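Remarks on the structure that follows.
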Amino acid sequence: MVFQGLADRLQQTFSKLKRKGKLTEADVKEAMREVRLALLEADVNFKIVKQFIDKVKERAVGQEVLNSLTPGQQVIKLVNEELTELMGGTQSKLAISSSPPTIIMMVGLQGAGKTTTSGKLANHLKKQNRRPLLVACDIYRPAAIKQLQVLGEQLDIPVFNMGDKNSPVNIAKAAVEHAKHHGNDYVIIDTAGRLHIDEKLMDELVAVRDNVSPDEILLVVDAMTGQDAVNVAESFNEQLSLSGVVLTKLDGDTRGGAALSVKSVTGCPIKFAGMGEKLDALEPFHPDRMASRILG
Ligand code: GDP
């Protein structure tokens with residue numbers, strides 16, 4: 001499970017704290033030193049780790065905590081609260097347009113899970129009795145169009161496709177018109193990815209954005225890539241002003257640093273987590289539940 005290493009270490013640290021009963025300032029400092037190491041090992045951005053530890057320490061050495069009957073529990077509660085805050089506080093829901101269709105543009109590097117996540121998201125919406133339309137805008141890889149079509153067939157969700165002879169801007173615009181005429185209340189645009197960020201890709205994504213004014217621009221990032229995922233998110237956000245992030249492959253044994261850093265570094269909330277290859281393996285991201293999972 002993602003975060004297993006972090007969870008194991010924190011739980012170990014905290015069971016020591018709990019056993020102690022009364023705590024001194026030195027005990028709290030020692031525990032925070034261990035939390036700091038655990039977070040760094042989980043690949044959390046070091047600046048964020050520092051801020052996090054400073055915050056918890058400041059709150060934890062207060063007399064209220066140290067003099068309480070269960071100081072260990074109080075410290076754990078603080079860590080839980082701050083971890084939740086770090087991951088965005090409350091759950092950040094998908095936008096909904098007051099004049100349908102709601103347009104969701106999916107962006108990300110090749111291999112991050114963009115096409116799969118587009119399908120999963122459409123499936124998620126369909127289960128809520130929505131009528132999503134998937135749009136194939138990755139014109140550079142014929143296989144990507146095919147992949148989306150196959151997903152659409154599996155899920156019984158329509159896929160809008162104009163082949164690879166039209167520009168992504170034209171395809172996206174035509175898809176929105178199509179949705180309006182066919183009662184689709186969500187349009188999910190699967191855009192092209194590259195192995196690395198390049199200017200041409202960004203220009204194209206900006207052009208699509210400017211032409212269809214999406215309600216959501218969701219960046220799909222692979223949590224397995226650790227801090228790289230955070231750097232990718234920063235770059236995409238600078239150019240496109242993202243509305244949210246989907247972290248994929250959280251089912252793997254990733255160290256989890258990306259999940260803990262991305263909101264704080266980019267300001268973009270994590271809206272969903274990909275938990276597997278299957279088409280129902282997408283979960284709305286709940287910071288509080290994730291924090292509780294880490295702390296056991
Ligand atoms: P794209 O190039 O960004 O469109 O990436 P794809 O959607 O083709 O996904 C790349 C690979 O990642 C595929 O083998 C997917 O099955 C896999 N994948 C996507 N999301 C997840 C996830 O949440 N967990 C796991 N384990 N695999 C995933």
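Some observations on this one:
- Residue in segment 250-265 that is closer than 24 Å to residue 135 by Cβ and of a type outside the set (Phe, Trp, Tyr) present: no
- Criterion violated by residue 259 - all others in (1) in contact (Cβ under 8 Å) with a residue 12 or more places away in the chain; (2) away from the ligand (no atom under 13 Å from the Cβ); (3) in a helix (DSSP H, G or I); (4) not acidic (Asp, Glu) satisfied: (2)
- Scope segment 216-234; condition away from the ligand (no atom under 16 Å from the Cβ) and either among the hydroxyl-bearing types (Ser, Thr, Tyr) or surrounded by fewer than 20 Cβ atoms within 10 Å (Cβ to Cβ) (or both); matching residues: 227, 231, 234
- Qualifying residue in segment 105-116 (condition: without any contact (Cβ under 8 Å) to a residue 12 or more places away in the chain and either of a type outside the set (A, V, I, L, M) or surrounded by 19 or more Cβ atoms within 10 Å (Cβ to Cβ) (or both)): no
- Here the condition is being farther than 20 Å from residue 296 by Cβ and more than 23 Å from the chain's Cα centre (by Cα); of 19, 59, 9, it holds for 59 alone.
- Looking only at residues in segment 179-199 that are farther than 12 Å from residue 131 by Cα and touching a Pro at 6+ places or on another chain (Cβ under 9 Å), the one that is modelled with the lowest pLDDT is 192.
- Selection from segment 235-252 of residues that are away from the ligand (no atom under 12 Å from the Cβ), open to solvent by 40 Å² or more (accessible area, probe 1.4 Å) and in a loop (DSSP other than H, G, I, E, B): 241
The values are calculated or read from the model by the stated rules, or taken from the named source; none is laboratory data. None of these values were measured; they are calculated from a predicted model. Counting neighbours? That spans all protein chains shown, and the Cβs are built from the backbone with ideal geometry, glycine included. Accessible surface is based on the protein model in full, side chains and every heavy atom, while ligands, DNA and RNA are left aside. Shrake-Rupley method; radii C 1.70, N 1.55, O 1.52, S 1.80 Å.
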